[in-house]
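Input: a single structure, listed below in structure tokens.
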Amino acid sequence: MNERLYRPLAQLLVDPLARQNVNPVHVVLVHTALGVYAAWLIRRGGPWWRSRLTPALLLQVKTVLDNLDGQLARATGQTTETGRYLDTEMDLVVDLALNVAIAGRAGLPLTVLQSLILTTDFLWEQGHRTARGEVFREGAAQAGDDPRVLAALKAVYAAYFSPQERVLGGWFETRLNAVAGDSPTPEQRRAYTHLPITTVAANLGLTTQLAFLGACLLANRPQFYTRSLPFQALLLLGVQRWREQQVRRETVSRT
């Protein structure tokens, strides 16, 4: 939903930056720096304009640039494995900085919870596209990654994100098998990944997360954001029940 606002704004910057031959990786590093700086301002405190207004605005600029880096990479044929891993992991750095700035030590488990919410969005979109024979992620257009940098980024991803994907992905598949049988049909998989279901998770993606945090900052209630994370997780659990009900209805309709 919020991407309908941020993506067009990012699109306006693609052509000018492409003409200047800007590296998408540099865009990633810039929006990471903006996010971390916003977290530092929140933690530092001070006048409302510095500790609330400025971070709120910086996070929206960060979101525009976060939408921009992928568009720029695709438009200029500069998509790389390094860029994809870096973008994901730098978003994690910003999320961690923000959650710790707001909630202190509690920001650490909250960041893990937030990651699980975002991983659910990733897996549900992947399942939606796969069930319909669509390409989920195109291969990198450009080779030549620094092998040491890429290996380090892959190691971080394997240590933090891959276990989440295995556990959640395995659980989602187990729940599908429980309601559909050991060999779900293509129709049952499409019912399990119905577009409205996927849209709910997409609207809890990082763009929405930072837009909501910006609103909480402007309202001088940043704690509302961190406190919302458990409720977001509960919402997704409810949607998971909905996914299972869709499969049951599909099964009944064909018997």
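What the table below lists for this structure:
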| item | result |
| --- | --- |
| Options Arg52, Arg74; residue that is charged (D, E, K, R), within 25 Å of Pro16 (Cα to Cα), part of a helix (DSSP H, G or I) and open to solvent by 30 Å² or more (accessible area, probe 1.4 Å) | Arg74 |
| Which numbered condition Gly104 fails, given (1) within 27 Å of His26 (Cβ to Cβ); (2) assigned to a helix (DSSP H, G or I); (3) small (Gly, Ala, Ser) | (1) |
| Search result, residues across region 77-100 that are among the polar types (S, T, N, Q) and open to solvent by less than 10 Å² (accessible area, probe 1.4 Å) | Asn99 |
| Region 229-255 residues that are within 30 Å of Leu213 (Cβ to Cβ) and assigned to a helix (DSSP H, G or I), paired with ones that are of a type in the set (D, E, K, R) and open to solvent by less than 90 Å² (accessible area, probe 1.4 Å) (beta carbon under 9 Å, 6 or more apart) | Leu236/Asp121; Gln240/Arg175; Arg243/Arg175 |
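Residues checked against (1) surrounded by fewer than 22 Cβ atoms within 10 Å (Cβ to Cβ); (2) free of Cβ contacts under 8 Å to residues at least 60 places away in the same chain; (3) not in a helix (DSSP H, G or I):
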{"residue": "Ala18", "(1), (2), (3)": "yes, yes, no"}
{"residue": "Asn21", "(1), (2), (3)": "yes, yes, yes"}
{"residue": "Ala33", "(1), (2), (3)": "yes, yes, no"}
{"residue": "Val36", "(1), (2), (3)": "yes, no, no"}
{"residue": "Arg43", "(1), (2), (3)": "yes, yes, no"}
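The values are calculated or read from the model by the stated rules, or taken from the named source; none is laboratory data. Everything numeric in this text was worked out from a predicted model, so none of it was measured. In this analysis, Cβ positions are derived from the backbone assuming ideal geometry, glycine residues included, and neighbour counts consider all displayed protein chains. Remember, those area values only see protein heavy atoms, side chains included, never the ligands or the DNA or RNA. Shrake-Rupley method; radii C 1.70, N 1.55, O 1.52, S 1.80 Å.
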